[in-house]
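Q: Quick one: structure below, then a few questions.
Readers should treat all values here as calculations from the given coordinates under stated rules, not as data from a laboratory. Keep in mind the model is a prediction, meaning the values are calculated, not measured. Positions of Cβ are backbone-derived with ideal geometry, glycine not excepted, and every protein chain shown enters the neighbour counts.
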Amino acid sequence: MWLALRSGLGRGRYRAPNVVSPSPENPPSPGNPLAGSCLCGRVRYEITKPFLRAGYCHGSRCRKLTGTLAGINGRVERDGFAS
């Protein structure tokens with residue numbers, strides 16, 4: 001999950017400049033939110049609390065939905081997510 005964020009896939013044009021990407025050592029917070037969007041930019045989100053858990057799903061539905069070998073899922077408290 002963190003590899004994709006560092007490569008720029010989730011950083012889009014909505015991310016403030018000079019902001020350090022969240023990582024296990026530097027989780028999302030109100031002062032360091034994780035912001036992203038869908039590919040067209042119509043749906044945007046911001047995460048301001050650390051993930052409760054995150055992982056990969058290799059099930060057939062997740063593979064079909066993402067078109068990849070696994071789906072990446074993360075859970076965060078409801079008040080830490082805004083869209």
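Q: Sticking with the crude label model, points 7 Å out along Cα→Cβ, report the distance from Y45 to R61 in nm, one decimal please.
A: 1.6 nm
Q: Under 11 Å from a label point 7 Å along Cα→Cβ of R78: give me every residue in the range 43-71 with its amide N that close.
A: none
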